[in-house]
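Okay, handing you the structure first.
Values quoted throughout were computed directly from the atomic coordinates according to the rules given, and no laboratory measurement underlies them. Note that the structure is predicted; figures quoted are calculated from it, not measured. Cβ sites come from the backbone with ideal geometry, for glycine too, and all protein chains shown count toward neighbours.
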Amino acid sequence: MKNCDHKNLKKGTVTKKFLDHTFKSEAQICKDCGAELWDNKLNAKFQSWLNDLDVENQKQYKVSKTTDILMKELGSQFHCTDESKLVRSIIAVLNKKLSNPTYNNIFNEILDSEDFKRLKQEPLTLTKKVRITNPKSLYDIENWKEILDLNDSEFIRTYIVLILVINKQVNNEFAKFWNSYIKDDLEMVLAA
Ligand SMILES: [Zn+2]
């Protein structure tokens, strides 16, 4: 079955659950293996369904004292005092970068770096909240959480620590990544 080339198609219904909503559409389904054919048309239909969703989700997360201080510094670099907005923007920017395979190597290096590990291991003393209302962002979060096998708090903290380590620019590579691919995007999302 794993080598099925989906030659025998039939019309059927696909459903996709997201939070407490269910997307439902007619689609082509393989008669032999039951695979759903997510072509461009179906993907576009799903994206437009997603964009029209009225969802809101408050997520709680924990950070260390150092992380909190560094986040305030990052905020002041961008003249942003609204930490919830900063976290939302970080999530939006990183979701986009992480889904682009071009950046796989640099992300692996950051995750492997001493700075990342040190900051990630600190005791978590502060509890924070972020409200996310963009359905696309929420959908990406649920996706990445599953792929990375993290809960809400771990997921948000991982993203925050990632951006803080890139922002520190400890070597040329991280500095280049920050200056060429992260800084402007973050600025743009924050200004939107
Ligand atoms: Zn098939």
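Once you've got the GNM for the chain with C-alpha springs shorter than 10 Å, pick whichever of W178, W38, W144 has the biggest mean-square fluctuation.
W38
Distance cut-off 32 Å, Cα to Cα: go down the list K24/K120; K85/K117; K41/K168 and report the pairs above it.
On the way: K24/K120 40 Å; K85/K117 25 Å; K41/K168 42 Å.
Where the Cα-Cα span goes over 32 Å, the pairs concerned are K24/K120; K41/K168.
Compute all pairwise cysteine Cβ distances in the chain, then list the cysteines with no distance under 4.7 Å to another cysteine.
C30, C80 - these cysteines have no disulfide-compatible partner (Cβ-Cβ under 4.7 Å) in the chain.
How much length is gained on full extension from K183 to L53, taking 0.36 nm per residue of separation minus their Cα-Cα distance?
Stretched fully, the K183-L53 segment lengthens by 43.9 nm.
Below 13 angstrom from the Cβ of K120, what's the summed charge of the other residues (Lys, Arg +1; Asp, Glu -1)?
Summing Lys and Arg as +1 and Asp and Glu as -1 gives -1.
Follow-up question, since we're still on this one. Given R₀ = 22 Å, FRET efficiency for T125-D82 by Cβ-Cβ distance, to 0.05?
Working: r = 22 Å, r/R0 = 0.99.
Computed FRET efficiency for T125 and D82: 0.50.
Relative contact order (percent) for region 57-191, with alpha-carbon contacts under 8 angstrom and 6 or more residues of separation?
Taking the mean separation of contacting Cα pairs over the length of region 57-191, I get 42 percent.
Same structure, new question: Using 1/(1 + (r/R0)^6) with R0 = 30 angstrom and r between the beta carbons of K168 and N43, what's the FRET efficiency to the nearest 0.05?
Values: r = 37 Å, r/R0 = 1.23.
The pair K168/N43 has a calculated efficiency of 0.20.
Could you tell me which of rounded, prolate or oblate describes region 57-191, using a ≥ b ≥ c as the square roots of the eigenvalues of the alpha-carbon gyration tensor, with rounded for a/c under 1.5 and, failing that, prolate when a/b is larger than b/c and oblate otherwise?
It comes out rounded by the Cα gyration axes.
Helix-derived [θ] at 222 nm for the chain: sum -39500 (n - 2.57) over DSSP H runs of at least 4, divide by residue count, nearest 500?
Values: 9 runs with 104 residues, N = 192.
Using -39500 (n - 2.57) per qualifying helix, the result is -16500 deg cm²/dmol.
Still on this model: Once the Cβ-Cβ distance between H6 and L150 is put in as r, and R0 is 41 Å, what FRET efficiency do you end up with, to the nearest 0.05? If you can, show how the numbers build up before the last one.
Numbers: r = 33 Å, r/R0 = 0.80.
Computed FRET efficiency for H6 and L150: 0.80.
Residues with amide H under 5 Å of L9's amide H, sequence separation 5 or more or different chain, H placed in the peptide plane at 1.01 Å from N; which?
Correct list: K31.
If you build a Gaussian network model of the chain, linking Cα atoms that sit under 10 Å apart, which residue out of N134, N151, N172 swings the most?
Looking only at N134, N151, N172, the largest GNM fluctuation is found for N172.
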